[in-house]
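Data first, discussion second: the structure below is written as structure tokens.
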Amino acid sequence: IRSRLDKLARQFEVAGNKFEHISRLVLDKHKAFASQVPQAGPSAAQLESTGQQQQQQLAEPLLDDNQVAFALASVAERNEEIVKLESDLTDLHTLFKDVATLAQMQQESLDTIETAVMEANAGVAAGVSELVKAKKYQTRA
């Protein structure tokens, strides 16, 4: 039983480590994605740049209002989903820690029971030895 518990504890620890690694990857990807979201409008330096060609390009809309609204809504929706996923991963991590704590507490109880069984076994062995001695004395008498 003890070897099975040790094996399960190791597997649980590996799963917890994998979970932490994956949650860090998700968080990093979320941060990378958030940093790639384009800023609203050109910067002042871009507006001040010389040339009639740049002024024409700024005057022409790159996307119509519907496309911009859809893109912004998509980005906002994805951001909300990622924030919810991050929250769920945090909750799951907390749950893993709680289960690990419970497993450790049960391990301590099992250790106590194992010690008591071993002591009882030693007591039974001593009792058997005494009974064998008593039987010898009884047959001699």
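Out of curiosity, is Val117 part of a helix (DSSP H, G or I), open to solvent by less than 100 Å² (accessible area, probe 1.4 Å) and touching a residue at least 40 places away in the same chain (Cβ under 8 Å)?
Taking the combined requirement at face value, the residue does not satisfy it.
Hey, among Ala134, Ala141, which residue is modelled with pLDDT under 80 and more than 40 Å from the chain's Cα centre (by Cα)?
Only one candidate passes the filter, namely Ala141.
The values are calculated or read from the model by the stated rules, or taken from the named source; none is laboratory data. Computed from a prediction, not measured in an experiment: that's the story for all the values here. Backbone-built Cβ (ideal geometry, glycine too); neighbour counts: all protein chains shown. The accessibility values were calculated without ligands, DNA or RNA, using every heavy atom of the protein model including side chains. Shrake-Rupley method; radii C 1.70, N 1.55, O 1.52, S 1.80 Å.
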